[in-house]
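Enquirer: If you scroll down you'll find the structure; I have some questions about it.
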Amino acid sequence: MKPFICKKFDVENPDETMVFGKTRHVVFDLAASNVFLVGLRGSGKTTLARKVADKLDASFVDTDSLVARKAGATIREIIEEKGWETFRKLETDVLRDVCSNRGQIVATGGGIVLAPENRDLLQKNGTTFYLMGNPPLLASRMEQDNATAEQRPPFSDNPLQEELSELLWEREPLYMMVAAHTLQAEKSVEDLVRDVIAALWPEKPERYRLEENT
């Protein structure tokens, strides 16, 4: 594993890197846009997207689930039977369909940023958050999640943490390219929901308050 990749994520105070915008903020209108979450497997995109959607009374979408539904097979089955190229084409088809609608909180597959068309769709159809996590954290989560092994094949024969480091090296520039904000995956889901809302509506942080039952 490349040590310098892990070192990149050693943050003394995660709150200082809670979220950031790389462009001048404009008032976000969920009814006319979407929120996309990108990041590696295990970063918590699906869980966070579902929580944010519940909080904002918005539609929750998971592109991996839509790909599996469209193919009538798990992602692992699609890839093992038809290959990565077929899976990536289905992923783009699904994202294109998703982007024809608005008012959605969308969890995307870890490799969705690899295709230029997908990056263009993300940038033109909503605000994207990069859920950033270091390889040891993501590997630990994935090892505890049986669904990961059952539904998604490994990318290589390398140890999981090394595989994630390689993927991060390849994909992080693309995540940063499409993302308007970053989030720290090690934070609690409740804190991350607050971070998303604060990033979307910084001028009115009280607009959406998290209740005890969210």
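The values are calculated or read from the model by the stated rules, or taken from the named source; none is laboratory data. What you are looking at is a predicted structure, and each value in this text was computed from that prediction instead of being measured. Neighbour counts are summed over all protein chains in view; Cβ atoms, including those assigned to glycine, are modelled from backbone coordinates with ideal geometry.
Enquirer: Only residues that are of a type in the set (Ser, Thr, Tyr) and in contact (Cβ under 8 Å) with a residue 12 or more places away in the chain: list them for segment 82-131, please.
Expert: Thr92, Thr108, Thr127, Thr128, Tyr130
Enquirer: If you don't mind, there's one more thing I want to ask. Consider segment 84-126. How many of its residues are part of a helix (DSSP H, G or I), under 17 Å from Met176 (Cβ atoms) and of a type outside the set (A, V, I, L, M, F, W, C)?
Expert: 5
Enquirer: How many residues, within segment 48-65, are in contact (Cβ under 8 Å) with a residue 12 or more places away in the chain, under 22 Å from Gln123 (Cα atoms) and out of contact with any Leu (no Cβ under 9 Å at 6 or more places or on another chain)?
Expert: So the answer is 7.
Enquirer: Taking the conditions exactly as written (under 24 Å from Val196 (Cα atoms) and either among the small types (Gly, Ala, Ser) or modelled with pLDDT of 95 or more (or both)), does Phe87 satisfy them or not?
Expert: Taking the combined requirement at face value, the residue does not satisfy it.
Enquirer: For Gly111, indicate whether it is buried (at least 16 other Cβ atoms within 10 Å of the Cβ) and at pLDDT 95 or above.
Expert: Yes.
Enquirer: Then there is this: Can you pull out every residue in segment 34-80 that is farther than 22 Å from Glu172 by Cα and of a type in the set (Asp, Glu)?
Expert: Asp54, Asp57, Glu77, Glu80
Enquirer: Further question: Which one of these does Pro173 not meet: (1) of a type outside the set (A, V, I, L, M); (2) part of a helix (DSSP H, G or I); (3) at pLDDT below 95?
Expert: The failed condition is (3).
Enquirer: Across segment 176-189, what is the number of residues that are in contact (Cβ under 8 Å) with a residue 40 or more places away in the chain and either of a type in the set (D, E, K, R) or in a loop (DSSP other than H, G, I, E, B) (or both)?
Expert: Residues flagged as in contact (Cβ under 8 Å) with a residue 40 or more places away in the chain and either of a type in the set (D, E, K, R) or in a loop (DSSP other than H, G, I, E, B) (or both) within segment 176-189 amount to 5.
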